[in-house]
């Protein structure tokens, strides 16, 4: 696969322009048709605007840094992060939020996808309706639901009142606010999970179901023994994508509660923004590093575990 | 179609309507009301339709800030995507065509770009050092850098379906490597390029977090930021806030209607392979 096969040794024009390529293996690859400088434009943009700040964050996280001065203080920011209850709460909320939304999107996404591939009436229309919120501005959705969830005048509580239920203060009750935002995030993101599952389901050959039916498997057994195992690649994608999204989420929280009431719905990303606004740049960066490590510690083992299971099958 | 399937379909449609469509209808109705009427947040038919007046009023608010925001958002989106498409396709092409130990490292960076949350404060510091903080140019580069991982993965997968014979034929005809790429390969990548453009334009247009950090200031406002700023300004004029939400929802709706297939292809690209 390495060398173009159809190339006749002598006739291929080898332009001597491969000075970058030549550094690798001058004799073999002089003037490769795929020179390394092709990565330069993307590499430069990615290196300057993403990689360099990410690496720099490991230094800045160890400093007391504000508008006027910067001073190395070792791990004090991290110590403070784990000592301050409201900062800690951000960390706990992040984990809680990501696991709830990810689990709900996975389960609901699969169920809706199974429903929308079973040949029911208006299937295509339903797919579009479920998917559309994925494309809508998160801030728009956040502001919209903030009004719908208004404790006394919001449409949700008015509807509940009409059937005799006293609706709670969705966003004003500190023990409920995070879960209300999580519900909206599920509402917004379940369409993507459904879409991914529909793509996954379409790759399962009907033969499996036929064989299972012949063996006398019930609908329920077919779902657990055929659908769930065979749709695993889609499950991997949904779980990992929604976990990453949930751990990093900022805009929806900010539009709906700004971390409030108090600090009850703060997540790491909103803590990072608040500390930045307050001028604690070092502490904010430490929050960023914690988020970075948290995502790495969760996603990498999970991806490895999913892949291993896949090989085993 | 069996009767049962009609029944389940109709039932699902009713549920989907209540859960997913009614919130948007609520926004639409309130966007057409007077300020006093929309303040009660009722889910009701407007007593007096003021749709057009509200639209004009939102567009004119704060010296036509919304128009400036649409302009800025468009410039950022177009600029970032142009950079992303060309530079991302080049990397995807190299990754797919030339198998070397370096590929693993490049691939690692691509995945890192997809997973790692950007370090915001150090990025602001860096942008200040090179004079791009609070500038549209800086925002274009930032959005390009954040979208490259996704772009490279899509291109790499698609280029695998283009036979190498094409490159070789061009080389034998005396084409230089960049000519092979720009004149032979890039035109063939049109289907996946459309997917990249559609998915990324929605992502960048809808992005709120990064403009909030890197583009403070009224002259650089983007569409999502207007919505956020208007929230505090329109507190007594809910009708205008809802109109603003509606105006921000329209571009993705249009894109969705025309490019449904490409969006689905782009967003499910990881599903089958994992």
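Each reported figure results from applying straightforward, stated rules to the coordinates on display, with no laboratory input. Computed from a predicted structure; not experimentally measured. Note: ideal-geometry Cβ built from the backbone for every residue, glycine included; neighbour counts use all protein chains shown.
So the values come out like this:
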| item | result |
| --- | --- |
| When the convex hull of its Cα atoms is projected in every direction, mean area for the stretch A:77-312 (nm²) | 15.9 nm² |
| Label-point separation in nm, residue A:58 to residue B:258, each point 7 Å along Cα→Cβ | 4.6 nm |
| Rounded to 10°, Cα long-axis angle of helix B:120-129 versus longest principal axis of chain B | 70 degrees |
| Whole-Å distance, taken between Cα centres, linking the stretch B:101-117 and the stretch B:21-59 | 47 Å |
| Sites residue B:186 and residue A:300 - FRET efficiency at Förster radius 41 Å, r taken between beta-carbons, to 0.05 | 0.75 |
| Degrees separating the helix B:22-31 axis from the principal Cα axis of chain B, which is the longest one | 60 degrees |
| Distance between the stretch A:44-72 and the stretch B:131-187 - C-alpha centres, whole angstrom | 30 Å |
| Global geometry of chain B, whether rounded, prolate or oblate, following the gyration tensor of its Cα atoms and the 1.5 cut on a/c | oblate |
| Centroid-to-centroid separation of the stretch A:227-245 and the stretch A:135-212 [C-alpha atoms, Å] | 19 Å |
| The protein assembly as shown, Cα convex hull volume normalised per residue, Å³ | 191 Å³ |
| Inter-label distance, nm, simple model (7 Å from Cα along the C-beta direction), residue B:232/residue B:10 | 5.2 nm |
| Solution diffusion estimate, µm²/s, Stokes-Einstein, the stretch A:35-76, Kirkwood Rh from C-alpha pairs, 20 °C, viscosity 1.002 mPa s | 175 µm²/s |
| Angle between chain B longest axis and helix B:136-159 axis [Cα atoms, degrees, rounded to 10] | 60 degrees |
| Residue-averaged 222 nm ellipticity for chain A, from DSSP H runs of 4+ at -39500 (n - 2.57), nearest 500 | -19500 deg cm²/dmol |
| Value of [θ]222 nm, deg cm²/dmol, for chain B, DSSP H segments ≥ 4, -39500 (n - 2.57) each, nearest 500 | -24000 deg cm²/dmol |
| Distance cut-off 22 Å, percentage of C-alpha pairs in the stretch A:138-238 lying past it | 53 percent |
